[in-house]
Amino acid sequence: MYPLNSSVFRQRVYKSRGAADIMERRRTKSPKLRQRRKSSEGGKMMNNGSTFSVNKAIVTGKVIGEIKESHKIFGEKFYEFTLEVPRLSSVTDLLPVTVSERLLMEGGYKEGNKVTVRGQFRSYNKSEGERSKLILTVFAREMGPGEGVINSIELAGYICKAPVYRTTPFNREICDILLAVNRSYGKSDYIPAIAWGRNARFVKYLSVGEQVAVTGRIQSRIYQKRIGEDETEERTAYEVSVGKVLAGDSAVEFMRAATGLPGESAEKKTDDLSEITVI
């Protein structure tokens with residue numbers, strides 16, 4: 001095979017570029033494809049190694065049910081259990097917690113113990129047949145004896161799905177958002193959040209890929225999933241109930257403050273937020 005001369009090579013490159021431009025113009029004509037393109041661009045932003053990331057959770061509650069082995073990574077076992085976290089309204093949230101065997105061994109925790117868990121609200125995909133299900137859990141980095149009522153979370157990430165705004169039968173304004181929060185090794189956690197009232201009106205205008213910071217609490221919510229024409233199934237959703245939300249430059253400033261506070265100051269800020277957002 002003979003090498004191409006420079007003029008022929010340039011012509012072929014220009015033709016390929018022209019074809020790519022035509023395909024790009026075709027993609028931008030379709031509303032659905034435009035939305036897919038925006039989502040993919042948001043994904044690139046979320047995985048480009050950016051330091052815009054905060055994921056801090058602290059919850060206090062009672063261990064209910066059995067502490068079961070979940071999985072093993074590099075010889076280290078991880079366990080899961082349910083934490084019963086009360087609200088001031090007498091309603092309780094039942095939150096899934098994942099913890100290393102090393103933390104369990106230190107405290108000798110068992111069913112009925114009241115504990116405080118500090119860590120992150122994480123997500124992972126679990127295969128169920130041909131489908132993939134998003135699983136959410138509080139991943140414990142620290143765990144110790146607990147007192148009082150604490151349920152707070154700070155997140156900074158990117159909008160990765162167009163917000164869904166609606167009103168309830170009781171005329172309450174709600175907006176669902178999905179945040180992608182970066183963590184180490186190129187991974188991201190996808191955290192559903194729900195905003196209320198004026199916060200809902202604010203976040204419904206946010207675009208895919210936009211930087212957002214929220215504070216609030218982690219909640220569990222039971223709902224009925226339709227699985228057939230006349231059949232429903234009771235399921236539990238886990239999400240962040242938004243107390244405060246910031247976007248753009250304000251979100252960046254929040255991230256800098258949240259990641260720049262050392263030791264006790266950071267912990268005090270989290271505790272203060274919990275007192276505001278537990279309802």
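The values are calculated or read from the model by the stated rules, or taken from the named source; none is laboratory data. Note that the structure is a prediction, hence the values are computed from the model and not measured. Please note: Cβ atoms are built from the backbone with ideal geometry, for glycine as well, and neighbour counts cover all protein chains shown.
If I filter region 174-194 for residues that are more than 17 Å from the chain's Cα centre (by Cα) and under 20 Å from residue 134 (Cβ atoms), do I get at least one hit? Yes: one or more hits.
Matching residues to (1) surrounded by 13 or more Cβ atoms within 10 Å (Cβ to Cβ); (2) touching a residue at least 60 places away in the same chain (Cβ under 8 Å); (3) of a type in the set (Gly, Ala, Ser):
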residue: 68; (1), (2), (3): no, no, no
residue: 74; (1), (2), (3): no, no, no
residue: 79; (1), (2), (3): yes, no, no
residue: 88; (1), (2), (3): no, yes, no
residue: 93; (1), (2), (3): yes, yes, no
residue: 106; (1), (2), (3): no, no, no
residue: 113; (1), (2), (3): yes, no, no
residue: 116; (1), (2), (3): yes, no, no
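Taking the conditions exactly as written (part of a strand (DSSP E or B) and modelled with pLDDT of 85 or more), does residue 206 satisfy them or not? Against the criterion (part of a strand (DSSP E or B) and modelled with pLDDT of 85 or more), residue 206 does not qualify. If the condition is being outside any loop (DSSP other than H, G, I, E, B), of a type outside the set (Ser, Thr, Tyr) and surrounded by fewer than 14 Cβ atoms within 10 Å (Cβ to Cβ), then region 238-255 contributes 249, 253. A single member of 154, 128, 173 is buried (at least 19 other Cβ atoms within 10 Å of the Cβ), out of contact with any Asp or Glu (no Cβ under 8 Å at 6 or more places or on another chain) and not basic (Lys, Arg), and it is 154. Within region 107-125, the set of residues being touching an Asp or Glu at 6+ places or on another chain (Cβ under 9 Å) and either in a strand (DSSP E or B) or over 13 Å from residue 82 (Cα atoms) (or both) comprises 114, 116, 117, 118, 119, 120, 121, 122, 123, 124. Within region 38-80, the residues that satisfy the criterion of being at positive phi, at pLDDT 90 or above and either under 19 Å from the mean Cα position of the chain (by Cα) or not in a strand (DSSP E or B) (or both) are 74, 75.
Out of 139, 170, one residue alone is under 12 Å from residue 55 (Cβ atoms) and of a type in the set (Phe, Trp, Tyr). It is 139.
Here residue 139 meets the list (1) more than 29 Å from residue 106 (Cα to Cα); (2) crowded, with 18+ Cβ neighbours inside 10 Å; (3) among the aromatic types (Phe, Trp, Tyr) almost entirely, failing just condition (1). Put simply, of 104, 94, 83 the only residue that is over 30 Å from residue 247 (Cβ atoms), of a type outside the set (Asp, Glu) and assigned to a helix (DSSP H, G or I) is 104.
Scanning region 92-114 for residues that are of a type outside the set (D, E, K, R) and under 23 Å from the mean Cα position of the chain (by Cα) yields a total of 8.
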